[in-house]
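What follows is a single structure, written as structure tokens, with notes after it.
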Amino acid sequence: QVQLVESGGGLVQPGGSLRLSCAASGFTFSNCAMYWYRQAPGKERELVGGISSFGGSTNYADSVKGRFSISRDNAKKTVYLQMNSLKPEDTAVYYCFAARVGSWGQGTQVTVSS
């Protein structure tokens with residue numbers, strides 16, 4: 001069955017970096033645009049950004065543009081979210097989403113705090 005497993009979250013100080021990974025299985029990953037979302041406590045889930053099926057195109061929310069970067073390795077069936085210059089307002093549970101199959105991962109917590 002379709003499965004998305006995020007990893008790489010944790011506690012980081014403001015200004016620090018983290019790289020999240022999302023490992024996919026159960027569908028043709030290379031045919032599927034992938035997205036990262038996040039949900040902070042008490043807030044709605046919001047789009048962080050996305051990447052096209054072969055990685056030629058990315059897009060980002062204004063709030064993370066210039067700090068976050070999405071990439072993918074179709075051979076490994078994995079999508080990545082590189083987060084730099086992290087701010088306390090980036091604290092959230094981060095989810096990956098497979099657009100073509102409409103599936104979500106379980107999420108990984110990112111906490112930015114000193």
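The values are calculated or read from the model by the stated rules, or taken from the named source; none is laboratory data. Please read all numbers here as calculations on a predicted model, not as lab measurements. All Cβ positions, even for glycine, are placed from backbone atoms using ideal geometry, and neighbour counts span all protein chains on display. Note: accessible area is taken over every heavy atom of the protein model, side chains too, but ligands, DNA and RNA are not part of it. Shrake-Rupley method; radii C 1.70, N 1.55, O 1.52, S 1.80 Å.
On inspection, R72 does not qualify as buried (at least 18 other Cβ atoms within 10 Å of the Cβ) and within 16 Å of T111 (Cα to Cα). It is to be established whether one or more residues within the range 36-57 are touching a Cys at 6+ places or on another chain (Cβ under 9 Å) and in contact (Cβ under 8 Å) with a residue 24 or more places away in the chain. The answer is yes, given that some residue of the range 36-57 is touching a Cys at 6+ places or on another chain (Cβ under 9 Å) and in contact (Cβ under 8 Å) with a residue 24 or more places away in the chain. Which one of these is over 14 Å from V112 (Cβ atoms), part of a loop (DSSP other than H, G, I, E, B) and touching a strand residue (DSSP E or B) at 6+ places or on another chain (Cβ under 6 Å): G55, G49? None of the others qualify; the one that does is G55.
Filter the range 6-28 down to the residues that are among the hydrophobic types (A, V, I, L, M, F, W, C) and either in a loop (DSSP other than H, G, I, E, B) or without any contact (Cβ under 8 Å) to a residue 60 or more places away in the chain (or both) and list them by number.
A23, F27
Restricting the search to the range 46-66, which residues are open to solvent by 30 Å² or more (accessible area, probe 1.4 Å) and closer than 14 Å to S17 by Cβ? G66 - this is the single residue of the range 46-66 that is open to solvent by 30 Å² or more (accessible area, probe 1.4 Å) and closer than 14 Å to S17 by Cβ. The residues of the range 29-42 that are under 16 Å from F97 (Cβ atoms) and in a loop (DSSP other than H, G, I, E, B), listed by number, are C32, A33. Of note, T78 satisfies the criterion of being hydroxyl-bearing (S, T, Y) and surrounded by 17 or more Cβ atoms within 10 Å (Cβ to Cβ). Among the residues of the range 1-42, just one is farther than 18 Å from W104 by Cβ, within 15 Å of the chain's Cα centre (by Cα) and polar (S, T, N, Q), namely S17.
I'd like the full set of residues that are among the small types (G, A, S) and open to solvent by less than 50 Å² (accessible area, probe 1.4 Å), limited to the range 12-22. Lay out the reasoning, then the answer.
First, the residues of the range 12-22 that are among the small types (G, A, S): 15-17, 21.
The answer is G16, S21.
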